[in-house]
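Here's the structure, in structure tokens; my notes come after.
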Amino acid sequence: MDDLYREVIIEHYKNPSYRGKLDPHDISFADNNPLCGDHIQVDLRVGEDGVVSEARFDGHGCAISQASADLLMESIIGKPIEEVKQLNKQDVLDLLGIDLGPVRLKCALLSLKVLKAGVYGLGEASDSLVE
Amino acid sequence: MTLNIEQIRKDFPILERETKLGTRVVYLDSTATSQKPLAVIEAMNAFYRCSNANIHRGVHTLAEEATAMYEGARERIAKFINAASPRQVIYTRNTTESINLVAYSWARANLKAGDLVILTEMEHHSNLVPWHMLQAERGIELEFIPVTEDGLLDLDMYRTLLTRGPKLVSFTHMSNVLGTINPAAEIIRLAHEAGAVTLVDAAQSVPHLPVDVQALDADFLAFSAHKMCGPTGIGALYGKAELLEAMPPFLGGGDMIREVKLRSFRPNSLPHKFEAGTPAIAEAVGFGVAVGYLSQLGMDAVAAHEREITEYALERLEEIPGVKVFGPSADRKGGVAAFTLAGVHPHDVAQILDQDGIAIRAGHHCAQPLHEKFNISATSRASFYIYSTTDEVDLLVNGIYKVKEMFG
């Protein structure tokens, strides 16, 4: 448990640095985790050079889902959008620094699924985006 | 008569299961599925070891024995809910399938575009989605009896809806989130006065309260074995004989027929008309033993124990700062306590409690619209059954304090 609720996770959950919305934005997408109803929206600004200049998330959910969203936003600012497209499950787990069972993995990966669905311009944040 | 909980706990081998900490598991998730007593586990085991064969039409000893056990279980289940005849008890996979059977067979034969079906705002998805599907297909109309702030059905609004001449009123006997025990007999009486047929989702009531289908005057009543000490994979639909007789079959196949020609068939009589294909035979045997087990305890005693433990749990939970329990007071609800803890997501509550071997459920409990009504996305839910103790409630409360400390 001390692992799962590492201080960094609780900290990012309680005091997220990248919570909010961007207006205007270049990319915006939102979806739910059908298992628990957690909801995440991701807004991005992308420069002409194709690099993410701003990223914000909004929504509600458990500590794992919200902390991973905050960490993910932090990690993609300054990254080329082409690199963001390549992010997968392991990248999020590395950010969190924990191992997760199949149920909580869904919580952790929600923000990445939403991000990638937005970047690819898809209608739905499906599991296949992060595997 | 009061239950001897210590004795009952000895009947459930899983309650001996050790957690990572070497303590006994604290199982507070019986509303999702109950644990199974040894009698049920052994009866199913014995069936496969000694009596297994396919039922009906077999003349050999094993087939006759299996058929007798399968039909004997039906008789016990019929008696348990006081059905007039076992042929009014249809085996299904679970409550969900029972409701779908009514939606596919009775409703498709009896409802047309514009016909009104009344549901409630506290329904589980299993009593919402089949009607959504029928609405898309047939253009029926749906209305919902509202839920009040304290988690009760607004019966005045119900009376108003009834003036619109509904064809069907389908409602949960006991909410799986709020725990509210709805006044089923009154809801049914009013529906009948308005000329509507009634379907009771009794998934949570039959396991926990004495339910008498004749006293309720229910037209249809659906429940699952696995929430009442029985196995998964089997449930039942009770129906009034004249309704079931008039309904077209549900699934087609073996066992549901009287006669099959290359281009036609004649359906079998009740209850077999609705039981196509090889059914869950060992599960039926387990189901029969489960109702026997509960009958022996006495459903009045079961309900009394749950009321007592729920009262205690609500009192202890409500004393925790930041905890909000949903639903009515203990005298109007079954053994369910759905709650939120300020500032902590229910998933996190459940996960941290799990580390101490305490099993509760977190999420929307397949009742998303009800959560929306209360403006929350999820709750944590502790639920109680015949083997639950006040000591377990204390462990839950201590666990919640620990969660608060972590998120402090």
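What follows draws every value from the coordinates through simple rules; no lab data is involved. It should be emphasised that the depicted structure is a prediction, and the values quoted were computed from it without experimental measurement. No Cβ is skipped: glycine too gets one built from the backbone with ideal geometry, and neighbour counts run over all protein chains shown.
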Given the options B:Gly286, B:Gly357, B:Gly335, which has the most mean-square fluctuation in a GNM of chain B, springs set between C-alpha atoms less than 10 angstrom apart?
B:Gly357
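Quick one: which of A:75-87, B:303-315 comes out on top by average Cβ neighbours within 10 Å, and what's the full order, highest first?
Working: A:75-87: 15.8, B:303-315: 19.2.
With the highest mean Cβ count within 10 Å placed first, the list reads B:303-315, A:75-87.
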GNM, chain B, Cα, under 10 Å: largest mean-square fluctuation among B:Arg263, B:Arg24, B:Arg49?
B:Arg263
Counting only Cα, what are the radius of gyration and maximum Cα-Cα distance Dmax of the protein assembly as shown, in Å?
25.7, 81
Choice from B:Pro369, B:Pro210, B:Pro13 with maximal GNM fluctuation in chain B (Cα, 10 Å cutoff):
B:Pro13
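Show that you can apply the helix-only estimate: for the protein assembly as shown, add -39,500 (n - 2.57) for every DSSP H stretch of four or more residues, divide by all residues, and state [θ] at 222 nm to the nearest 500.
Estimated from H runs of four or more residues: -11500 deg cm²/dmol.
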Round to a whole angstrom and tell me the spacing of the C-alpha centers of the range B:135-184 and the range B:367-381.
17 Å
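Among rounded, prolate and oblate, which fits the range B:257-296 when a ≥ b ≥ c are the square roots of the eigenvalues of its C-alpha gyration tensor, a/c under 1.5 means rounded, and a/b larger than b/c means prolate? Intermediate results must be reported in sequence, preceding the final value.
Numbers: a/c = 7.03, a/b = 3.11, b/c = 2.26.
Prolate is the answer for the range B:257-296, as a/c is 1.5 or above and a/b outweighs b/c.
Note down the relative contact order for chain A as a percent, whole number, built from C-alpha pairs under 8 angstrom at least six residues apart.
On the way: 231 pairs, mean separation 33.8, N = 131.
Value for chain A: 26 percent.
Please work out whether the range A:7-120 counts as rounded, prolate or oblate from its C-alpha gyration tensor, where a ≥ b ≥ c are the square roots of the eigenvalues and a/c under 1.5 means rounded, while otherwise a/b larger than b/c means prolate and anything else oblate? Show your work: numbers first, answer last.
Working: a/c = 1.57, a/b = 1.49, b/c = 1.06.
Here the range A:7-120 falls in the prolate category.
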Under the Karplus curve 6.51 cos²θ - 1.76 cosθ + 1.60, θ = phi - 60°, whole-Hz ³J(HN,Hα) for the range B:231-242, x wherever Gly or Pro sits
x, 6, x, 9, x, 8, 10, 8, x, 5, 4, 5
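Averaged across B:336-349, how many Cβ atoms of other chains sit within 10 Å of each residue's Cβ atom?
Partner Cβ neighbours, averaged per residue: 3.
Other chains' Cβ within 10 Å of A:60-67 residues: what's the mean?
On the way: counts 4, 5, 11, 8, 4, 3, 2, 0.
Whole-number average of other-chain Cβ neighbours for A:60-67 is 5.
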Using θ = phi - 60° and the Karplus relation 6.51 cos²θ - 1.76 cosθ + 1.60, list the HN-Hα couplings for the range B:168-185 in order, rounded to whole Hz, with x at every Gly or Pro.
9, 10, 10, 8, 7, 6, 9, 5, 7, 10, 6, x, 3, 8, 7, x, 4, 4
Pairs beyond 24 Å (Cα-Cα), from B:Lys373/B:Lys404; A:Lys79/A:Lys113; A:Lys85/A:Lys106; B:Lys79/B:Lys227; B:Lys79/B:Lys273; B:Lys112/B:Lys240:
B:Lys373/B:Lys404
Taking A:Leu129, A:Leu22, A:Leu122, B:Leu221 and counting other C-beta atoms within 10 Å, the order from fewest to most:
A:Leu122, A:Leu22, A:Leu129, B:Leu221
Over the range B:132-263, what is the relative contact order in whole percent, taking alpha-carbon pairs under 8 Å and six or more residues apart?
15 percent
